[in-house]
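*Asks:* Sending over a structure as structure tokens; questions will come in a sec.
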Amino acid sequence: MGLEEADGRRYMRPVMTQHFRIRLPDGSVREVAPGTTPADVAAAIGPGLAKAALAARVNGELRDLNRPLEGDSELALITARDEAEALELVRHDYAHILAEAVQNLFPGTQITFGPATDDGFYYDFAPAPGRGPFTEEDLPAIEEEMRRIIGRDEPLVREVWTREDVRRLFLDQGESFKAEWVMELPADETITMYRSGEWIDLCRGPHLASTGKVDPQAFRLTRVSGAYWRGDQKNAMLSRIYGTGWLNKKQLDAHLVRLEEAAKRDHRRIGQDMDLFHLQAEAHGSVFWHPKGYMIWRELEAYMRRRIDAAGYREVKTPQIMNARQWEQSGHWGKYRENMFVIPDEVPNTDEEGPVISGDADWMALKPMNCPAHILIFRQGIKSYRDLPLRLYENGSCHRNEPHGALHGLMRVRQFTQDDGHVFCTEGQVVDEVRMFCALADRIYRDLGFEGYSVKLALRPEKRFGTDEMWEQAEAELREAVAAAGLATPEYGWEELPGEGAFYAPKLEWHLTDAIGRTWQVGTIQSDRVLPDRLDASYVGEDGERHRPVMLHRAVFGSYERFIGMLIEHHAGRLPAWLAPVQAVVATIVSDADDYAREVAAKLAAAGLRVEADVRNEKINYKVREHSLAKVPNLLVVGKREAEEGTVALRPLGEGARQEVLGLDEAVARLVAEATPPDLR
Ligand SMILES: [Zn+2]
Ligand SMILES: [Zn+2]
């Protein structure tokens, strides 16, 4: 039927049978009728694909299989082969299923958020009034209920709702957290709910087509913890249930083995066995290093100093506390204030006025980073192009006020020491400096026993300082330097990460692979033109004019604390001899050999080794067990015969290590060679 216009002319309605053109990844084009879904397209291609398809990428956006196509589109079907995307989808589904299971079993529980994580998912719940937080004892029943929901294979249906309807529904259901959240979604956002049977949740999606699409044997609930609503300590405490989720059981099993292996290597446990350090509530997130732990630190620091000196850096030390105005100028006050420890400049007169700080006291802050202080050093005296590159280095102790719940052993702390360097250079020197840093980082990681790492370039984020032109140049320079260093290859996992740069600079990241295949982001170099500008650093160029230097922020370890934690886990405590806190123990079999044991220990000590004599009246097997638990790399066993013959029975740490009888001088030479740091060999 036509439409009547005022002038009486007839217009045809848009033709309802007009088809959409769907272009597939292989370049082929299909014409489909409006209302067609990606699932229909998959089915038209073949029953295998229809079964394997998990979701669709439509014009770059990940979507539900059953959401109708809205026009001409680029379409790619996502299957388990697209592992990263498939895992994310599956984990998101598990999170929903977890929430539904919990609400089925514990009526009155409120739901909040439940995202996918790196190895699974979690969901935050507000337990029903009167009921305490969830505990690990609750997990088996919840897992069982999840399997029941998966078995039911309920379709997961996307529905578009109005904000007000969502709010009313959640208020009716007593879901105050969700009701609060929906009102804060951006006004232009399409609000979607996902329904599985009776159960419904506010969610952006996408999801798999039904609950039965996930493998009931490929997930495991792992632990519970507390979490604040929207991560803010001022808000209600929620109960978080974590799970690990995979595409199939084989993947889950492999992951559980990795977890077990990781638990054995946990640096907190090994740190205790080896008496390296401890943490306690009086100093949340700050480490008490014991003599043996600090010995590792000292060796590492001495090693780093030698490498840094040889690479042309000059070591500095800058103030721990600076006036807040300085941090304001550098831009940190605005971005980081919440994570900074702030203290008044003036001590109140507590005798007369009590602990009151005057309203006009100046505020100081513990430094959260060293960069501004290094610029202040650079700014002393006029710099010319002849002074560049100027490479400053500091073992810089920083503080960041992280929430207690986020702290984790040595891996996440509030006081940490960065191996922090800043290279001030001209535009023309950037590529060379970055290339040299790549070589330095490579040398250090290999010296410390890491064989593999990957290099990634984090590109400009959405919110950033500086012009597009500046970013273009900074990114291009980093690319060029990495290529020149030979690292821009698949072997080095070379990858560019759009949007992940710092707000002031693109950055190269080094991700180390440890002995059990985990990766750790450690080193970085960032090419910054913003901070020198904000803090007015300049040099006089060849042309006699003032120019801004480029500032390269760089670190190889990141922080000593975390790096040592990682070294402990990578080596499972069996550090290379040059880093071991105790490099050898001389243990007696019988008390007749006590004097000889002391003589051997003295000789090793004189050769520069860290050695202890164990002349306790204990069985040798007991001693062996104890020193292997403490991961002492070499045990020198001495009895009557060794004392008479001037030999030692050398027993290196580790399964299958063979005991070998050596003359004392030969043993000393061997241990000295082994204990020499790699850069001094
Ligand atoms: Zn969802
Ligand atoms: Zn810096």
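*Asks:* Would you grab the residues whose amide H sits under 5 Å from the one on F277? Only those 5+ places off in sequence or on another chain, please, with H modelled 1.01 Å from N.
*Replies:* The answer is H290.
*Asks:* Based on the Cβ-Cβ distance of V160 and E74, what FRET efficiency does E = 1/(1 + (r/R0)^6) give at R0 = 25 Å, to the nearest 0.05?
*Replies:* 0.65
*Asks:* Would you mind working out the accessible area per residue for the chain, using a 1.4 Å probe, and quoting it in Å²?
*Replies:* In whole numbers, the chain has 49 Å² accessible per residue.
*Asks:* How big is segment 57-112 along each principal axis, measuring the range of its Cα positions in Å and listing the largest first?
*Replies:* 45, 25, 16
*Asks:* So, one more: Are there trypsin sites (Lys or Arg not before Pro) in segment 59-104 that DSSP puts in a loop and that have at most 16 other Cβ atoms within 10 Å, and which ones?
*Replies:* In loop regions of segment 59-104 (DSSP not H, G, I, E or B), the sparsely surrounded trypsin sites (Lys or Arg not before Pro) are R81.
*Asks:* Using a cut-off of 20 Å between alpha-carbon atoms, which lysines can reach K456, once sequence neighbours fewer than 8 places away in the same chain are excluded?
*Replies:* Within the straight-line cut-off, K456 pairs with K507.
*Asks:* Among DSSP bridges having both ends in segment 575-667, what percentage is antiparallel? Round to the nearest 5.
*Replies:* Once the DSSP bridges in segment 575-667 are tallied, antiparallel ones form about 45 percent.
*Asks:* Can you compute 3J(HN,Hα) from phi for each residue in segment 652-666, using the Karplus curve 6.51 cos²θ - 1.76 cosθ + 1.60 with θ = phi - 60°, rounded to whole Hz and x for Gly and Pro?
*Replies:* Result, rounded to whole Hz: x, 5, x, 5, x, 6, 8, 7, 9, 8, 10, x, 4, 4, 5.
*Asks:* Short version: ³J(HN,Hα) in whole Hz for each residue of segment 113-125, in order, from phi by Karplus 6.51 cos²θ - 1.76 cosθ + 1.60 (θ = phi - 60°), x for Gly and Pro, what are they?
*Replies:* Whole-Hz 3J(HN,Hα) from phi for segment 113-125: 10, x, x, 7, 10, 5, 10, x, 6, 8, 9, 9, 10.
*Asks:* Given the DSSP H assignment, sum -39500 (n - 2.57) over each helix run of at least 4 residues in the chain and divide by its residue total; what's the result at 222 nm in deg cm²/dmol, nearest 500?
*Replies:* Theoretical 222 nm ellipticity from helices: -10000 deg cm²/dmol.
*Asks:* Continuing with this model, one more query. I need two numbers for segment 396-449: Rg to one decimal and Dmax as a whole number, Cα atoms only, in Å.
*Replies:* Answer for segment 396-449, Rg first and Dmax second: 15.9, 45 Å.
*Asks:* Any chance you could get the radius of gyration and Dmax over the Cα atoms of segment 277-401, in Å?
*Replies:* So, for segment 277-401, Rg and Dmax equal 18.6, 57 Å respectively.
*Asks:* List the lysines whose alpha-carbon lies under 24 Å from that of K603, not counting same-chain residues fewer than 8 positions away?
*Replies:* Within reach: K292, K623, K631, K640.
*Asks:* I would also like to ask the following. Please compute the length gained on full extension between D153 and E645, using 0.36 nm multiplied by the number of residues separating them and subtracting their Cα-Cα distance.
*Replies:* 169.4 nm
*Asks:* Could you tell me what a quarter of the Cα convex hull surface of segment 480-605 works out to, in nm² with one decimal place?
*Replies:* 14.4 nm²
*Asks:* Then there is this: At 7 Å along Cα-to-Cβ for each site, give me the label-to-label distance between R314 and E184 in nm.
*Replies:* Rounded to a tenth, the inter-label distance reads 4.9 nm.
*Asks:* For segment 555-645, what Kirkwood radius comes out of the mean inverse Cα-Cα distance, in Å?
*Replies:* Taking every pair of different Cα atoms in segment 555-645, averaging 1/r and inverting gives 14.3 Å.
*Asks:* With a 1.4 Å probe and all protein chains left in place, how much of the accessible area of the chain comes from carbon and sulfur atoms, in whole percent?
*Replies:* Heavy-atom surface of the chain belonging to carbon and sulfur, 1.4 Å probe: 49 percent.
*Asks:* Relative contact order of the chain: what whole-number percent is it, with Cα pairs under 8 angstrom and at least 6 residues apart?
*Replies:* For the chain, the relative contact order is 9 percent.
*Asks:* Okay, next question. Once you order the gyration tensor axes a ≥ b ≥ c over the Cα atoms, which shape class does segment 593-678 get: rounded for a/c under 1.5, otherwise prolate or oblate by comparing a/b with b/c?
*Replies:* The shape class here is rounded.
*Asks:* In the P(r) worked out for segment 34-167, what percent of Cα pairs fall beyond 20 Å?
*Replies:* In whole percent, the share of Cα-Cα pairs in segment 34-167 beyond 20 Å is 57.
*Asks:* Another question, if that's okay. Please compute the volume of the convex hull spanned by the alpha-carbon atoms of the chain and report it per residue in Å³.
*Replies:* That works out to 280 Å³ per residue.
*Asks:* Still on this model: Quick check on packing: order 471-479, 249-257, 635-643 by the mean number of other C-beta atoms within 10 Å, highest mean leading.
*Replies:* Packing order, densest peptide first, comes out as 635-643, 471-479, 249-257.
*Asks:* Sticking with this structure for a sec: If you filter segment 155-213 for GluC sites (Glu not before Pro), then keep DSSP loop positions with at most 16 other Cβ within 10 Å, what is left?
*Replies:* Those satisfying the criteria are E184, E189, E198.
*Asks:* Now for a different question. With each label point set 7 Å from Cα along the Cα-Cβ vector, what nm distance links R298 and L376?
*Replies:* Each label point lies 7 Å from its Cα, and together they span 3.1 nm.
*Asks:* Under 15 Å from a label point 7 Å along Cα→Cβ of R305: give me every residue in segment 381-398 with its amide N that close.
*Replies:* Within reach of a label on R305, which here means backbone N under 15 Å from a point 7 Å along Cα→Cβ, segment 381-398 contributes 393-396.
*Asks:* Given the C-alpha atoms of segment 258-347, compute the convex hull and give its volume per residue in Å³.
*Replies:* 218 Å³
The values are calculated or read from the model by the stated rules, or taken from the named source; none is laboratory data. Just so it is clear, the structure is predicted and the values come from calculations on it, not from any experiment. Positions of Cβ are backbone-derived with ideal geometry, glycine not excepted, and every protein chain shown enters the neighbour counts. Quick note on the areas: whole protein, heavy atoms, side chains included, nothing else; ligands and nucleic acids left out. Shrake-Rupley method; radii C 1.70, N 1.55, O 1.52, S 1.80 Å.
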